[in-house]
1. So which residues in the stretch 64-111 are small (G, A, S) and buried (at least 20 other Cβ atoms within 10 Å of the Cβ), if there are any at all?
2. State the number of residues belonging to the stretch 274-294 that are touching a Lys or Arg at 6+ places or on another chain (Cβ under 6 Å) and surrounded by fewer than 24 Cβ atoms within 10 Å (Cβ to Cβ).
3. I want to confirm something. Restricting to the stretch 223-259 and keeping residues that are within 31 Å of the chain's Cα centre (by Cα) and surrounded by fewer than 15 Cβ atoms within 10 Å (Cβ to Cβ), which single residue is nearest to Y148 (Cα to Cα)?
4. Do we find a residue being of a type outside the set (S, T, N, Q), in a strand (DSSP E or B) and modelled with pLDDT of 95 or more anywhere in the stretch 291-304?
5. Counting only residues that are at pLDDT 90 or above, give me the strands (runs of 3 or more DSSP E) lying completely in the stretch 108-197 with at least 2 of them.
6. Working only within the stretch 218-240, note down all residues that are closer than 21 Å to F192 by Cα, of a type outside the set (V, I, T) and part of a strand (DSSP E or B).
7. Among V119, V145, which is the only one that is of a type outside the set (K, R) and within 15 Å of the chain's Cα centre (by Cα)?
8. Which ones in the stretch 108-155 are of a type outside the set (S, T, N, Q) and within 15 Å of L8 (Cα to Cα)?
Amino acid sequence: MTTTSQTLHTDVAIVGAGPTALFAAFECGMLKLNSVLIDALDSVGGQCAALYPEKPIYDIPAHPAIEGGALIDALEQQIAPFNVPRILGSRVETLTGSRGDFTLTTGRGDTIHAKAVIVAAGAGAFGPNRPPLADLEIYERTGAVQYYVKKRADFTGKRIVVAGGGDSALDWALSLSEIAEKIYLLHRRDRFRGAPETLSRIEAQIAAGKIEKVVPYQLHALHGENGNLSAVEVAALSGETRKIEADTLLPFYGLSTDLGPVALWGIDTQRNTIPVNPASMESSTSGIFAVGDIAHYPGKLKLILQGFSEGAMAAHAIHPIVNPDTALHFEYSTSKGTPG
């Protein structure tokens, strides 16, 4: 990661460095468009790498299952022939100019001049929704309370309370039940929100004694000494409480997101998303495109595979901006290979 400020001139500035951004850079390269990736995180990969590097993803074509970190590694290999520059560890603060002549600046002082911009910033800046518990920060510092599973093996033999009722809670309860001493699956409602197959697997692990369902209960207090967790206290709606002996608490209450400076760039936004023309992925501002979770249009699905398609459409729509006098003749990659 470069720690000093840079000034770069490029065809396409890509704001973000998650899977959709990486594939957009690949599609730009296939059209002989230069690009640069800019991200506030210290490494590429977005949430896949920062939050879920060991979590399997099941809906990437041709991969029955692939971990987030492995997907990012593969995308990195795919764009390697194009030597795409990266500006990491500093977010884009300002975006000015117009179609064909944009200027972006980062908080570190980097300046990027680009003919077009692709915003692939996911849901913007993100952080976990933290439970309102006394002394929470003490247990966060020791790792007794964690919001993401970065290294699955660290939970071997642990007694773990997994709190939440959605996909992340269910998926990690299942995955960690294979290596943990015991999983306590806590939810404030009687029912969980998950795919039928996932719920069936949860019931199978309950029957096997690997998972214990704790419903309807909410987190109430943490017990331990010097940041070492010994028990999680939970409370029912009636006020009844119980203590669960545990080494680790994993609250999966979703992420709080914020568009941050994106909302100040003069682009139309709607509920932390950027409305786009689905035929081109262009925003309300000519020359600025949005792809991935931050893009919105009727029928939008927040899937990585859809983000890949959106990156391809944006790159093709940008080609005439960069090359106004050159017609783009569509070719399959099997015919032209990768430019080099």
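The values are calculated or read from the model by the stated rules, or taken from the named source; none is laboratory data. Here the structure is a predicted model, which is why all the values come from computation and not from measurement. Note that each Cβ is placed from the backbone with ideal geometry, even for glycine, and that neighbours are counted across all protein chains shown.
1. Across the stretch 64-111, the qualifying residues are G68, S90.
2. 2
3. G254
4. yes
5. Output list reads 111-119, 159-163, 182-186.
6. If the condition is that a residue be closer than 21 Å to F192 by Cα, of a type outside the set (V, I, T) and part of a strand (DSSP E or B), then Q218, L219, H220, E233, A235, A236 are the ones that fit.
7. V119
8. If the condition is that a residue be of a type outside the set (S, T, N, Q) and within 15 Å of L8 (Cα to Cα), then R108, G109, D110, I112, H113, A114, K115, A116, V117 are the ones that fit.
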